[in-house]
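The values are calculated or read from the model by the stated rules, or taken from the named source; none is laboratory data. Small disclaimer: the values here were computed from a predicted structure and weren't measured. Glycine also receives a Cβ, built like all others from the backbone with ideal geometry; neighbour counts cover every protein chain displayed. Please note that ligands, DNA and RNA were not included when accessible areas were found on the heavy atoms of the full protein model with its side chains. Shrake-Rupley method; radii C 1.70, N 1.55, O 1.52, S 1.80 Å.
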Amino acid sequence: MVARVRTVAFQGIEAVPVDVQVMIAPGKVGMQIVGLPDKAVAESRERVQAALHASGLSMPSKKVTVNLAPADLPKEGSHYDLPIALGLMAALGAIPGDMLAGYVVLGELSLDGTIAAVAGALPAAIGANAEGKGLICPFACGPEAAWAGKDFDILAPRSLIAIANHFRGTQVLSRPEAGIHAAARDLPDLADIKGQETAKRALEVAAAGGHNLLMVGPPGSGKSMLAQRLPSILPPLMPKELLEVSMIASVAGELGEGKLTDRRPFRAPHHSASMAAMVGGGLRARPGEVSLAHHGVLFLDEFPEFTPQTLDALRQPLETGDCMIARANHRVTYPARIQLVAAMNPCRCGMAGEPGYRCLRGERCRTDYQARISGPLLDRIDLRIEVPAVSASDLIRPDRAEKSADVALRVARARTLQRERFERLGVTSATTNAHCAPSVIEEIAMPDASGLSLLKDASEKLAFSARAYHRVLKVARTLADLDASEIVGRIHLAEAISYRMSSERVAQAA
């Protein structure tokens, strides 16, 4: 007799069905796991035997064979413990095997028979719900899996004994409730920043349209403070975005207490991060910082200090909105629709262009430092601003600046206009101006006559690329949305071009 239990393997954020087949037959006493298991799966043998012994069951004095089908699909992770244990219990007659047929199972076993949390419960639950099956997962993963559907059957036991008692009818498990983190109330506020009105205006524009932003200024001018306050003016995640972000976090094992949050991700990796850490990779092709920032912000402080190869690896995700990790034996794609915010000093010493300061290396200090950022990457950054040092008069000024809550209202109104406009046009691939297709932006951001003349002159004098031309239109459309204007006027294009002119100067240095 062969007992069967359904579980999953993860390819990106997709849950691929895996059939766990357990057979007890005469032969050499022991357990053998086949089907391309990795080290963690092979070690399940010891954990399962110890957990069954702690639960009052003994291994049969026969040969136990566990097959993970399909056999040519690599099996990775510790979540195969629970399906193997339940399959073995069904083969022994400890639980009815037919009752397991309607469930997808995943969970890691402790030696005392308790079930530990695993990564990927949310994608597994969504995949099981799509197949019309229920889910058996660890108790700690229950609040996460409950987001897959209101009528979705979920069992979240704490131990093997609890699941056995449930199937016997002696201890019925209740369905877990969907968990969500309380809204954060301690976010840094824009009111803390004194001066820097131009930088705060650019930050608002970037938030309203989802545009990439580069801040250049001397040390201590407030670049990092500005970036850290961007989440406080961004709107919460939409329901579809919430599930996408949470599925990536679930696969990466970063959902705390199994609870979801509608706060947009804000990732700020150190400049020593490797390419695999940034875009994803490793033995199991885990999601990188770019994918973990999906529908959120990727903040790169000390921008030129990242290795050039790591920075250039961002070019494809910024353009396509996904990150494809290709290896010799498999290929994985993670979503990566991000908003890039970067901060850098103007030169190695950090004080180039400051009044009263003269660098001993001269202009070469600036050009060599800025040349670490390639022109194609700069071409993908919509807004580039200079953040000068804050004066003493700004610091001692008693009045407080505008609060994040007030700016967030304007950003939310602008994003609502964009979303409604895309819905009218039937565009489903974008919700912000920064991520819409060139053909769409040419339609929705057609400037008036004076604006068109200004755009033509600027494109010729500044030698805009096709990408730069369309990104200027996108920023101008966002500026018009902030003004609640249907027409993209000359004033909107002039401001959008001013943000681009600084980028062109840096590109010439690169």
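General remarks:
- Within the range 51-79, residues that are farther than 18 Å from residue 89 by Cβ reach partners that are open to solvent by less than 20 Å² (accessible area, probe 1.4 Å) and in a strand (DSSP E or B) with beta carbons closer than 6 Å, at six or more positions or on different chains, in the pairs 73/9; 75/9; 75/68.
- Count of residues meeting criterion [surrounded by 24 or more Cβ atoms within 10 Å (Cβ to Cβ) and farther than 15 Å from residue 81 by Cβ] in the range 134-145: 4
- Residue match in the range 300-312 (condition: surrounded by 15 or more Cβ atoms within 10 Å (Cβ to Cβ) and in contact with an Asp or Glu (Cβ under 8 Å, 6 or more places away or on another chain)): no
- Within the range 147-188, tally of residues that are polar (S, T, N, Q) and surrounded by 17 or more Cβ atoms within 10 Å (Cβ to Cβ): 1
- Lone qualifier among 416, 432, 428 - being within 18 Å of residue 205 (Cα to Cα) and without any contact (Cβ under 8 Å) to a residue 12 or more places away in the chain: 416
- All helices (runs of 4 or more DSSP H) inside the range 420-506 with 2 or more residues being open to solvent by less than 70 Å² (accessible area, probe 1.4 Å), within 25 Å of residue 240 (Cβ to Cβ) and basic (Lys, Arg): 466-482
- Answer from 55, 78 - the residue that is open to solvent by 10 Å² or more (accessible area, probe 1.4 Å) and under 14 Å from residue 108 (Cβ atoms): 78
- Test for residue 274: is it out of contact with any Phe, Trp or Tyr (no Cβ under 9 Å at 6 or more places or on another chain), over 24 Å from residue 377 (Cα atoms), of a type in the set (Ser, Thr, Tyr) and touching a residue at least 12 places away in the same chain (Cβ under 8 Å): no
- Counting the residues of the range 124-133 that are out of contact with any Phe, Trp or Tyr (no Cβ under 8 Å at 6 or more places or on another chain) and open to solvent by 50 Å² or more (accessible area, probe 1.4 Å) gives 4.
- Any hit, the range 395-404, residues being within 19 Å of residue 235 (Cβ to Cβ), part of a helix (DSSP H, G or I) and touching a helix residue (DSSP H, G or I) at 6+ places or on another chain (Cβ under 8 Å): yes
- Positions within the range 5-28 being over 31 Å from the mean Cα position of the chain (by Cα), assigned to a strand (DSSP E or B) and farther than 19 Å from residue 103 by Cβ, in sequence order: 23, 24, 25
- When 232, 246 are checked against the criterion of being open to solvent by less than 10 Å² (accessible area, probe 1.4 Å) and farther than 24 Å from residue 377 by Cα, 246 stands alone in meeting it.
- Against the test of being touching a residue at least 24 places away in the same chain (Cβ under 8 Å) and open to solvent by less than 60 Å² (accessible area, probe 1.4 Å), the options 267, 263 yield a single qualifying residue, 267.
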